[in-house]
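Below is one structure, written out as structure tokens, with a few remarks after it.
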Amino acid sequence: MQRSEIAEVLNRPLSQELLARDLTRLAYVAKDGTPRNIPIAFTWNGSEVFMCTTKNAPKLPSLREHPAVALTIDTEVHPPTILLIRGRPSWTSSTASRTSISR
């Protein structure tokens, strides 16, 4: 997808509603090569998804080794509204690690 197409999808009202939620599911490849999918809190700043975790979280070495990730943000009602995002994480350090995924 082109950046303009991604921006168009993320700016849709349903996407904005989902991006205002506080929980996503982060899918990544674990150190042993098997898939992992974990719930994690996030925030959206209009161009990036931010997630925080501790510096010793088991997922961090895995994300550094296999940096491709996927996020699922959805509703609990049936049928669900779903937003799927794929990307690569980047890190900034503070007291804890903050991971952002650019669109």
Burial-style ranking of 49-62, 75-88, average other-beta-carbon count within 10 Å with highest first, yields 49-62, 75-88
Mean separation of Cα contacts under 8 Å (at least 6 apart) over the residue count of the chain, i.e. the relative contact order in percent, is 27
Debye calc, one equal point scatterer per Cα of the chain, no solvent, log10 I(q)/I(0) at q = 0.14, 0.17, 0.21 1/Å comes to -0.54, -0.79, -1.15
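Rule-based calculations on the coordinates, nothing more; no lab input. Bear in mind the structure is a predicted one, so any value in this text is a computation, not a measurement. Cβ atoms come from the backbone with ideal geometry, glycine included; neighbour counts cover every protein chain shown.
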